[in-house]
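The block underneath contains the structure these notes are about, expressed in C-alpha cells.
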C-alpha cells in the first residue's frame, strides 16, 4: 500500500508515526506546507495564506503517482487532500484544529473524508460523526526510566530542591504558563524545599527523555478543549515521571488511577496534588500503562483504518 502524507510541520511524533508505518510495509511520500513554522508558536500566525497556496502545486506534482490513500494530518491540510477526487482520504485531527479557529473547516472536511481519526472521545463528540480514536504512540526505547541524579547532571539542574517540568514555551497561550507559575509559587510558599519550575522548549527531541527523568513531576496546565491526547503525558508515563494536570483532552483516560498521577479541577487541587507528589516516597509507576500506547499498537490501528478507507 502506498500513502501520500500531507503535513503542516515535521514534528517528531508525526515523523515517528510515518516511520513506524514504513517499517510495517507501507510505502509513503510526505509533503509539508512550505514556509517557516515554529512548533512552539501559533499555526495561524506563523503560516500565511500564500504558504498554503504554494502547497497545492506540490500535491499536484505528486498526485500522478499511484497512491492508494491520501492521509491529511491536521485540519488545514484536508482541503488539499480532498481537492483530488480519485483517491480515498484519511483525515487525522489533532486537537486544536477541532477546538480552535480552524474548527469549522476541519468539521466540513471531515464530512467529505473517507475515514477520520481523532485522539479522544471528547474530540469524537465535538465532531458529531463517526470517527476512529487512535492514540499517538510513544517510543518506549527513547522514553524510558533513567537515574534522576545522572539526568540532572546532564541538563545542568541542581541536585538539591524539587524540579517541575513544563515542557512548552511560556508563549503558547493554550498551555497556560501563568497558571503553572501560580501553582509553583503557592507550592513554594508551603514547602521548606526550593521548588523550581522549568519551561523547556526548542530543545532537540532526543533530550526530552533526559528532562523527563530529571524532573520530580510533569505539570500540565493547558486550558480546556485545547488538547486532543497530549504526547508529553504519554512520554512521562513511559519514564515513570509523575504527572499533575488540568482536566484536558484525554489525560484522565491516559493516567487512570495510577499513584502519583493526578487530574485536577481547580488551582487549589493542582497545588495540593503537586505537594502530595513532591512529598511522596515513591516515584511514578506509569510505564506499564505506557506499554499499551506503543507505536506497535498505534501502527496496527492505523493499518486497520487504511484498509477501511481503501475498501
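For the range 230-246, what are the residues that are more than 30 Å from residue 103 (Cα to Cα) and outside any helix (DSSP H, G or I)?
239, 240, 241, 242
May I ask you to list the residues in the range 209-229 that are in a loop (DSSP other than H, G, I, E, B), farther than 16 Å from residue 158 by Cβ and over 14 Å from the mean Cα position of the chain (by Cα)?
Correct list: 221, 223, 224.
Looking at the range 103-125 only, could you name the residues that are out of contact with any strand residue (DSSP E or B) (no Cβ under 7 Å at 6 or more places or on another chain) and more than 20 Å from residue 8 (Cβ to Cβ)?
111, 122, 125
Looking only at the range 237-293, how many residues end up being touching a helix residue (DSSP H, G or I) at 6+ places or on another chain (Cβ under 8 Å) and free of Cβ contacts under 8 Å to residues at least 24 places away in the same chain?
3
Only one residue in 66, 62 is in a helix (DSSP H, G or I), in contact (Cβ under 8 Å) with a residue 40 or more places away in the chain and surrounded by fewer than 19 Cβ atoms within 10 Å (Cβ to Cβ), so which one is that?
62
Taking only the range 121-147 into account, find how many residues are closer than 26 Å to residue 290 by Cβ, in a loop (DSSP other than H, G, I, E, B) and in contact with a helix residue (DSSP H, G or I) (Cβ under 7 Å, 6 or more places away or on another chain).
Selection size over the range 121-147: 12.
Would you be able to say whether some residue in the range 98-108 is assigned by TED's automatic domain parsing to the domain that holds residue 76 and either within 30 Å of residue 214 (Cβ to Cβ) or assigned to a strand (DSSP E or B) (or both)?
Looking for residues that are assigned by TED's automatic domain parsing to the domain that holds residue 76 and either within 30 Å of residue 214 (Cβ to Cβ) or assigned to a strand (DSSP E or B) (or both), one finds none in the range 98-108, hence no.
Do you know which residues across the range 148-161 are out of contact with any helix residue (DSSP H, G or I) (no Cβ under 7 Å at 6 or more places or on another chain) and either part of a helix (DSSP H, G or I) or not assigned by TED's automatic domain parsing to the domain that holds residue 212 (or both)?
Matches in the range 148-161: 149, 150, 153.
Could you say which residue among 307, 268, 272 is assigned to a helix (DSSP H, G or I), modelled with pLDDT of 95 or more and within 25 Å of residue 125 (Cα to Cα)?
Only one candidate passes the filter, namely 307.
Please state which of the following conditions residue 174 fails to meet, knowing it meets all the rest: (1) surrounded by fewer than 14 Cβ atoms within 10 Å (Cβ to Cβ); (2) assigned by TED's automatic domain parsing to the domain that holds residue 236; (3) closer than 28 Å to residue 91 by Cα; (4) in contact with a helix residue (DSSP H, G or I) (Cβ under 8 Å, 6 or more places away or on another chain).
The single condition residue 174 does not satisfy is (1).
Which of the residues spanning the range 180-208 are more than 23 Å from the chain's Cα centre (by Cα) and free of Cβ contacts under 8 Å to residues at least 12 places away in the same chain?
185, 188, 189, 192
Listed here are the residues, each with its yes/no results for (1) closer than 23 Å to residue 11 by Cα; (2) in contact with a strand residue (DSSP E or B) (Cβ under 8 Å, 6 or more places away or on another chain).
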{"residue": "70", "(1), (2)": "yes, yes"}
{"residue": "78", "(1), (2)": "yes, yes"}
{"residue": "86", "(1), (2)": "no, no"}
{"residue": "95", "(1), (2)": "yes, no"}
{"residue": "101", "(1), (2)": "yes, no"}
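Here are some residues: 41, 35, 75, 25. Which one is more than 23 Å from residue 118 (Cβ to Cβ) and at pLDDT 90 or above?
Among 41, 35, 75, 25, only 25 is more than 23 Å from residue 118 (Cβ to Cβ) and at pLDDT 90 or above.
The values are calculated or read from the model by the stated rules, or taken from the named source; none is laboratory data. Please read these numbers as outputs of a predicted model, since none were measured by experiment. Because the Cβ atoms are built from the backbone with ideal geometry, glycine has one as well, and the counts that use them run over all protein chains shown.
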